[in-house]
Amino acid sequence: MPPKTDRRLTVLPGLHEVVRLPAGAGLPDWLRPGPVWALIAEPDETTVLCPAGMAPPDLAAEGPFTALRVEQSGPIDAPGVVASVSAPIARAGLGLFVLSTASRDLVLIAQGDMPRAASAWREAGYTLSPDPKEPL
């Protein structure tokens with residue numbers, strides 16, 4: 001678990017959505033990557049994380065979500081990082097979606113749940129640094 005001094009979350013700009021595509025789908029031609037985006041493929045499906053409103057209307061998109069970056073120091077496989085971020089959200093009865101890069105974890109919270117999520121994290125000792133353009 002990250003030490004209390006390392007419990008920081010940065011709210012990333014914009015809103016995001018998650019789109020499920022068929023297995024084997026490549027990079028969709030409608031995707032115009034923003035500051036935060038991802039394409040994740042596994043044998044049963046392909047998932048795209050993109051800026052909200054980008055997916056064509058005929059695709060089922062979930063969201064909008066607020067993305068937060070977990071500011072951690074240490075190795076990528078540091079134990080307890082995702083658990084410590086998700087536990088307060090679970091106790092609050094909320095859901096989350098987690099993605100990881102080679103150096104950081106990202107957490108997506110439904111936009112409407114963000115006030116309760118922020119409160120739960122603060123109670124757990126996290127500091128949230130919102131983007132000045134996207135106040136909580």
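Some points to look at:
- A search for C-beta distances below 7 Å between a residue of the range 9-37 that is free of Cβ contacts under 8 Å to residues at least 12 places away in the same chain and any residue that is exposed (fewer than 13 other Cβ atoms within 10 Å of the Cβ) and of a type in the set (Val, Ile, Thr), counting only pairs 6+ apart in sequence or on different chains, returns nothing.
- Residues satisfying the criterion are absent from the range 114-122 (criterion: part of a loop (DSSP other than H, G, I, E, B), under 15 Å from His16 (Cβ atoms) and at pLDDT 95 or above).
- Picking from residues in the range 63-81 that are assigned to a strand (DSSP E or B) and touching a helix residue (DSSP H, G or I) at 6+ places or on another chain (Cβ under 6 Å), the one that is farthest from Thr47 (Cα to Cα) is Val70.
- Selection status of Gly63, under 18 Å from His16 (Cβ atoms) and either touching a residue at least 12 places away in the same chain (Cβ under 8 Å) or among the small types (Gly, Ala, Ser) (or both): yes
- Restricting the search to strands (runs of 3 or more DSSP E) fully inside the range 1-53 and requiring at least 1 residues that are within 19 Å of the chain's Cα centre (by Cα) and farther than 21 Å from Ala117 by Cβ gives 16-21, 38-42, 45-51.
- Candidate set from the range 17-29 (those that are among the hydrophobic types (A, V, I, L, M, F, W, C) and over 22 Å from Leu108 (Cα atoms)); member that is surrounded by the most Cβ atoms within 10 Å (Cβ to Cβ): Ala25
The values are calculated or read from the model by the stated rules, or taken from the named source; none is laboratory data. The structure presented is a predicted model; accordingly, all values stated were derived computationally and were not measured. Neighbour counts are summed over all protein chains in view; Cβ atoms, including those assigned to glycine, are modelled from backbone coordinates with ideal geometry.
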